[in-house]
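Here is the structure we will look at.
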Amino acid sequence: MNNVPPEILSLMTTAAELRATGTSWEKIAARVRRSPRTCRRWRETYPEAWRRLYHDAEEELLNACGAESALVLRNLLRSEDEKVRSAAGRNLLGVRMRMRSGEDRGGKGEGAAKDPNAQAIALFLAEHDEAAVLRLVDELLERRQRNAAAAGPG
């Protein structure tokens, strides 16, 4: 493996972060004040470092997207449309189970197999229709509101 000079490593880190978001080599080059050709060649000149930096940048982006998706789905749980609430509940549970199991991060998925709650939820979703899932989501939301009210402020 070629040793990456610290200045280049810093530029490569920025390039990998930008590239993971789909930024063009031309825009990356402008940002790091290098030519697009130079930026592209970092992948070949320092392949191990590039793979690690790009993987880390992708991982961070996936985590951010997962968190944003969960927030959107949680807001959709408050929809007045039953179908929207039901779909949001199923999707939110699915996203959270995959995140917990490591599937969204390229893991081996061991977490879900060891988590009886995740297994029970997956089984429930597979065996019940939309109306049953919606009832469960409504019940959980009501329970959450009651618990929050009972806990009081603070």
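All of the numbers you see were taken from the coordinates with simple rules; none came from a lab. Not measured: the values here are computed from a predicted model. A quick note on method: Cβ atoms are made from the backbone with ideal geometry, for glycine too, and the neighbour counts reach across all protein chains shown.
For a Förster distance of 30 Å, can you work out the FRET efficiency between the beta-carbons of S69 and R34, rounded to the nearest 0.05? Between S69 and R34 the formula returns 0.30. Taking a sphere under 15 Å around the Cβ of T21 and counting the other residues whose Cβ falls inside, with K and R at +1 and D and E at -1, yields a net charge of -4.
The Cα atoms of the range 6-60 cover 25, 21, 17 Å along the three principal axes, with the biggest extent listed first.
Between S24 and R144, the contour length at 0.36 nm per residue exceeds the alpha carbon distance by 38.7 nm. Residues D56, D129, arranged from fewest to most other Cβ atoms within 10 angstrom of their Cβ, appear as D129, D56.
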